[in-house]
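Trainee: Before we start, here is the structure in question, set down as structure tokens.
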Amino acid sequence: MDKELKDILLCVDKPARYCGGEFNTPVIKENASLRFLMCFPDVYEVAHSNLGIKILYYMLNNRPDVACESCYTPWTDMIAALKEHNMPLFSQETHSPVCSFDAIGFSLQYEMSYTNVLCMLDLGGIPLLSEERGEGTPIVVAGGPCTVNPMPLAKSIDVFSIGDGEEAINNLADTLILCKKEKKTRAETLCEIAKIDGMFVPSVPQTKVRRAVIDSLDGAFYPRKVQIPNIEAVFNRAVLEIFRGCTRGCRFCQAGMIYRPVRERTVETLAKYTRELIDNNGFDELTLSSLSTCDYPQLRQLLREIKPLCDERHVNISLPSTRVDSFEAEYVASARLSSLTFAPEAGTQRLRDVINKNVTEEDVLTSCRYAFEKGYHAVKLYFMIGLPTETDEDLLGIAELVKKIKACYKANAVSKKALSLVVSTSTFVPKPFTPFQWEAQISLDEIERRQGLLKTVLRPLGVKYSYHDGKTSRLETTLARGDERMNDVLLAAYTSGCIFDSWTDLFDYDKWMAAFEKCGVDAEDYCGAQSLEKTLPWERVETGISRAFLLCEREKAYKGELTHDCRKGCNGCGIAAEYPSAFKENCTRCVKNADL
């Protein structure tokens, strides 16, 4: 580390974000054929909580021909310091300038991080528009769930890696190394990358891009030794991904659609990984990660296998937000007696049927009773407002459910502590590749009215109520359903000073509205109802879920009809026919019924 950087770090908040040297950092090869920079468009503490970039970072570093380093968005004081000293943004491991790498990859987990991508490119000395990048400029890649609609960043990103990254990142590395060896031009290299399954290259004419899917999760690479951050991460724990995908079919849930089909790791593999994660990293908590952890068919067996080891090493096993109909006392007994998180999503059964939640009020209360009998005294409940067909009666149903949970605690609690009950609401954001992708989002005034109604009815119940800012939700919709015009809006917003838009204290809605006006773009084009007949911007991507299935699910939503869990039989979404090899061990029934 040179003296100028040391002097800068003495003047900024949390300098440990930038100094590198984290425990378990791999040795960075000096003469690798490919130098790759893994970027996360948020601060250090958030980045170190993300599993996806850990998988790809260690996978690349396991190769003898690749040196992969990392980089995160610097906080505002560090941004100012870099600009003041005319110093480019640099990697964590060797403090090399961003522009010195062969390729840089961004993980797009949340639409509100898009201006941070532009910020990191700008600080790294890389032109914000792909067309302005010359020979020798790094190839800019983006992956993650947001890439299923690549259009809002299509002018700024060279390559979008869509779908599972484990195989795609290796294929990309192979292609980059070969093109570098053969001294191909930047344009020629991009044409070669476009031939890789799952790669969307905006500058290369392509029809539809097929999402990359790995057949077997059990055989996929998984890091058991991970960097331990220099300061505490948002989620400071070992993460064990037990399966990928979801069979529930909630109609608002993008992840439940785009991560299909379900692929599971075996108990034997997970038990082995648990021991290695504990041995190598020193965490005191292990979380079992998936979209719906309690749906793992061998969960009881897995807990029996790993609980003795975790107890011996004083490691707590935690479950993420739990589907209330899957929760059982046995699972509770395997976790720390603190708080539980449930997501009923809607306050009435009518609306839960509309969204295909397949959860009843009795499920909620039964799960709470199990928890209270085991000593739990805190419950967090997550709901959405603004769901299609929602009425005030549905909102008032949230308060009625709270009353029943309080009564349940009074009747069944073994803890002598007072019940702590938190209700949190987010605003429905219509996402691509869901049955609700065509729906309108409620207006900002209506968001605030419904939030006000809930405040009024929940306050007398002694419940802590938190909610997402409606302005952020409106902007999130424009970015989630945007076309190429949104790239111009993003550039205008960033140029005006927008950054860290997911951080409440830095989000500037007025600057965003000015950016829309400057570009002549109406936000309502994206927030309003979308035509059922027109091709949508994101339909350049082929996820494997058929448009006919999504339309059918939308129709069933308005009729209040349920669709059963895919584990009970194929619902004909199209994924089985599109990716049959991925069903070999996990979804054989769906393969058998793929023609339904």
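The values are calculated or read from the model by the stated rules, or taken from the named source; none is laboratory data. These numbers were taken from a predicted model, which means no experiment stands behind them. Note that each Cβ is placed from the backbone with ideal geometry, even for glycine, and that neighbours are counted across all protein chains shown. Only protein heavy atoms, including side chains, enter the accessible area calculation; ligands, DNA and RNA are left aside. Shrake-Rupley method; radii C 1.70, N 1.55, O 1.52, S 1.80 Å.
Trainee: Would you list the P(r) distribution for region 174-217, with all Cα-Cα distances sorted into 10 Å bins from 0 and each bin expressed as a whole %?
Mentor: 27, 44, 25, 4
Trainee: Separate question: Would you please give the FRET efficiency between residue 466 and residue 4, computed as 1/(1 + (r/R0)^6) with r the Cβ-Cβ distance and R0 = 35 Å, to the nearest 0.05?
Mentor: Rounded to the nearest 0.05, the efficiency is 0.25.
Trainee: Taking 8 Å as the Cα distance limit and 6 or more residues as the minimum spacing, I'd like the relative contact order of the chain as a percentage.
Mentor: The value is 14 percent.
Trainee: Moving on. Extension gain residue 513-residue 131, at 0.36 nm per residue separation less the Cα-Cα distance, in nm?
Mentor: Roughly 134.9 nm would be gained on extension.
Trainee: Here's something else I'd like to know. Please compute the Cα-Cα pair-distance distribution of region 60-142 with 5 Å bins starting at 0, giving whole percents from short to long.
Mentor: For region 60-142, the pair-distance distribution reads 3, 13, 25, 25, 19, 11, 3, 1.
Trainee: Taking the Cβ-Cβ separation of residue 455 and residue 562 as r and a Förster radius of 25 Å, what is the calculated FRET efficiency to the nearest 0.05?
Mentor: Step by step, r from the Cβ atoms, then E = 0.20.
Trainee: Let me ask another. How much FRET efficiency would the formula 1/(1 + (r/R0)^6) give for residue 522 and residue 276, where r is the Cβ-Cβ distance and R0 is 35 Å, rounded to 0.05?
Mentor: In this case the efficiency is close to 0.10.
Trainee: Label-point separation (nm) for residue 312 and residue 531, each offset 7 Å from Cα along Cα-to-Cβ?
Mentor: With each label placed 7 Å out from Cα toward Cβ, I get 6.5 nm.
Trainee: What percentage of the solvent-accessible surface of region 437-516, computed with a 1.4 Å probe over protein heavy atoms, is contributed by carbon and sulfur atoms?
Mentor: For region 437-516, the apolar C and S fraction of the accessible surface comes to 50 percent.
Trainee: If ligands, DNA and RNA are left out, what is the accessible area of residue 192 with a 1.4 Å probe, given in Å² to the nearest 10?
Mentor: For residue 192, the solvent-accessible surface is approximately 60 Å².
Trainee: Then there's this: Put +1 on the Cβ of each Lys and Arg and -1 on the Cβ of each Asp and Glu in region 85-139; which of 86, 126, 136 then has its Cα farthest toward the positive end of the dipole?
Mentor: Positive-most Cα among the choices belongs to 86.
Trainee: Could I ask something else about it? I'd like the projected area of region 28-91, averaged over all directions, using the convex hull of its alpha carbons. Report it in nm² with one decimal.
Mentor: 4.9 nm²
Trainee: Quick one: with all protein chains in place, what share of the accessible area of region 47-181 is carbon or sulfur, to the nearest percent (1.4 Å probe)?
Mentor: Answer for region 47-181: carbon and sulfur cover 52 percent of the accessible area.
Trainee: Using a Cα distance threshold of under 21 Å, what count of lysine pairs results for region 326-463 when pairs must be 8 or more residues apart or interchain?
Mentor: Final tally of qualifying lysine pairs is 25.
Trainee: Per 0.36 nm of contour for each residue apart, how much would the distance between residue 410 and residue 30 grow if the chain were fully extended, relative to their Cα-Cα spacing?
Mentor: This chain segment gains 130.4 nm when fully extended.
Trainee: Tell me the angle of helix 361-373 to the major Cα principal axis of the chain, expressed in degrees between 0 and 90 and rounded to the nearest ten.
Mentor: Approximately 90 degrees, to the nearest 10.
Trainee: Once the dipole of the chain is set up with Lys and Arg at +1 and Asp and Glu at -1 on Cβ about the Cα centre, which of 148, 301, 212 lies farthest towards its positive end?
Mentor: 301
Trainee: So with the 1.4 Å probe, I'd like the accessible area per residue for region 137-254, rounded to whole Å².
Mentor: Spelled out: the 1.4 Å probe surface of region 137-254, per residue, equals 36 Å².
Trainee: Still on this structure: Mind checking which lysines have their C-alpha under 26 Å from residue 184, skipping anything on the same chain fewer than 8 residues away?
Mentor: Partners within reach: 29, 155, 195, 208.
Trainee: Let me ask another. Considering the Cα positions of the chain, please state its Rg to one decimal place and its Dmax as a whole number of Å.
Mentor: 24.0, 74
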